[in-house]
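This report refers to the structure that appears directly beneath it.
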Amino acid sequence: MAWYPGATKMELQPESDAQPAIDPTQFILHSIAAPWDPQRLYEYWETTNLESHFGLGYSGPPAQYIGTQTRADANYLANRRPDGTGAVSIETASNDDHSDPWTDSQVEELIKLGVWLHQRHGIPLRICRTASDPGYGYHRLHAAWAVGGTDCPGDARVAQFRSVIFPAIVARATGAQPPAPTIPPVPTPAPSRRRRPGAYRAIGV
C-alpha cells in the first residue's frame, strides 16, 4: 500500500488490512457536508462501514486513513471494479449543505495530492470521461459513483475543480503551463436527497 508523504497517517483498522487491493486509476473529490477536521472525520469513519482514503479540514495538511492501493468505500461502483481498478477518494470539510467554495488552503492541498497521485500511480491528467475512465473527477460527475445520485461537492467546488484545481494539477505535474485542457461540459447532477454525514451510510457504499 502507498502512503502520501504530505499527509498525517491515521490508519483505520481493520479496513486498512482487511479490504482488498486496488490498482488506483482515478481521484474523486468529495465534500463531507460538515465543518470537520481530519481527526473528527477519522472518528466518524470508525462508526460506519464507509471511509475515504484521505480527509481534509479547512486548513492544514490532509490525513490519510487507508493506503491508496487498498479499497476505500466512498465511491459506490468506483470503489473497486471487477478488473481490480478503483478510485482514490478524499473527503473535505464544508458547510452543512456543501455550498461553500474550498478555501485557499484546501485548494493548495488538493493540487499537491493530485500531482502526487499522478506521479506515484500514473493517474492520467484528464477529467474522467466515463465512470470507469482513468483520471480526475468529483463525486457527482458520474452516476455510478453515488447511490441514488448526489450534488456533492456542490456547485462552487465543481467550478473551482474545473477552473483552478485540475488545470493546476496538470501544470505542476508537467512542469509548465500547458494549453487549456479539454474539459467535458458540466453534467446536470441526478436528483438526490441532501448529503449529510448522518445519511452517508445510505449513499456512499
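The values are calculated or read from the model by the stated rules, or taken from the named source; none is laboratory data. These numbers were taken from a predicted model, which means no experiment stands behind them. Cβ: placed from backbone, ideal geometry, glycine included. Neighbour counts: every protein chain shown. Keep in mind that these areas ignore ligands, DNA and RNA; they rest on the heavy atoms of the full protein, side chains included. Shrake-Rupley method; radii C 1.70, N 1.55, O 1.52, S 1.80 Å.
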- Of all residues in segment 1-56, count the ones that are open to solvent by 30 Å² or more (accessible area, probe 1.4 Å), of a type in the set (A, V, I, L, M, F, W, C) and over 21 Å from T150 (Cβ atoms). 5
- Entirely in segment 102-179, the helices (runs of 4 or more DSSP H) that have 2 or more residues that are among the polar types (S, T, N, Q): 104-121
- Message: Within segment 72-95, does at least one residue satisfy the condition of being assigned to a helix (DSSP H, G or I) and either touching a Leu at 6+ places or on another chain (Cβ under 8 Å) or open to solvent by 40 Å² or more (accessible area, probe 1.4 Å) (or both)?
- Response: yes
- Given the conditions (1) open to solvent by less than 40 Å² (accessible area, probe 1.4 Å); (2) modelled with pLDDT of 95 or more; (3) not acidic (D, E), and given that T150 satisfies all but one, which numbered condition is not satisfied? (2)
- Task: Mind counting the residues in segment 10-38 that are in contact with a strand residue (DSSP E or B) (Cβ under 6 Å, 6 or more places away or on another chain), part of a loop (DSSP other than H, G, I, E, B) and aromatic (F, W, Y)?
- Result: 0
- Note on the structure: Restricting attention to segment 57-71, the residues that are touching a helix residue (DSSP H, G or I) at 6+ places or on another chain (Cβ under 7 Å) and either open to solvent by less than 10 Å² (accessible area, probe 1.4 Å) or over 22 Å from D37 (Cβ atoms) (or both) number exactly 8
